[in-house]
Amino acid sequence: MKTLKAGDKVPEFSARDQDGNTIKLSDYKGRKLIVFFYPKANTPGCTAEACNLRDNYKELKAQGYELLGVSADSEKKQTNFRNKFKFPFPLLADEDHTVINTFGVWGPKKFMGREYDGIHRMTFIIDETGTISKVIEKVKTKDHAAQILD
């Protein structure tokens, strides 16, 4: 599977958010969009990353960005995650991997010597025309907004 990179046009996608609403890429036409992929809701790294984005949300919005979090968790898990940490942005419940596969972030991973397939923690910054302007492959979970705004 090929991961999208800077300069690529993002193919149209749609998925349901934590409230069951259908969210489409075209909903963000003409706006800058940050799509961040995280392995699992409510795990330490994912919580640190999403909370860092929440804490810097006003600054990101001031720079013209909309945010979308994506994982393969269920709507219920995403709802719990969002409510627990009061995230001001939607979390997509991409259980069928539609968005994950569109961006090419699923693949082999290693953790504590074990190999398995999973979501690679990556962030894509998409410009107003739907083209990727930046890809962050080495996400610093506790300082992620700074990587985006850099």
| Karplus 3J(HN,Hα) series, Hz, for segment 100-117 with 6.51 cos²θ - 1.76 cosθ + 1.60 (x for Gly, Pro) | 4, 6, 4, 8, x, 9, 9, x, x, 9, 10, 9, 6, x, 9, 9, 7, 9
| note | Options [x] 42; [y] 59; [z] 16 for percent of Cα pairs over 26 Å apart; the value derived from the coordinates is listed as [z]
| task | Leaving ligands, DNA and RNA out of it, work out the accessible area of THR3 with a 1.4 Å probe and give it in Å² to the nearest 10. | result | 50 Å²
| task | Under 15 Å from the Cβ of LEU33, count the other residues' Cβ atoms, weight Lys and Arg +1, Asp and Glu -1, and hand me the total. | result | 0
| task | Would you calculate a helix-derived [θ] at 222 nm for the chain, using -39,500 (n - 2.57) for each DSSP H run of n ≥ 4 and dividing by the full residue count, to the nearest 500? | result | -7500 deg cm²/dmol
| task | Quick one: pull the percent of accessible area on the chain belonging to carbon and sulfur, 1.4 Å probe, ligands and nucleic acids left out. | result | 50 percent
| message | 7 Å from Cα along Cα→Cβ at both ASP150 and ASP27: what's the point-to-point distance in nm? | response | 3.0 nm
| Given R₀ = 22 Å, FRET efficiency for LYS110-CYS51 by Cβ-Cβ distance, to 0.05? | 0.30
| request: Would you tally the net charge around LYS109, using a Cβ to Cβ cut-off of less than 10 Å, leaving LYS109 out, and scoring K and R as +1, D and E as -1? | output: +1
| query | In the neighborhood of LEU149, defined by Cβ-to-Cβ distances under 13 Å, what is the net charge if each Lys or Arg adds +1 and each Asp or Glu adds -1? | reply | +1
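The values are calculated or read from the model by the stated rules, or taken from the named source; none is laboratory data. Not measured: the values here are computed from a predicted model. Every residue, glycine as well, gets a Cβ built from its backbone with ideal geometry; the counts of neighbours run over all protein chains shown. Side chains are part of the model used for accessible areas, which takes the heavy atoms of the whole protein and leaves out ligands, DNA and RNA. Shrake-Rupley method; radii C 1.70, N 1.55, O 1.52, S 1.80 Å.
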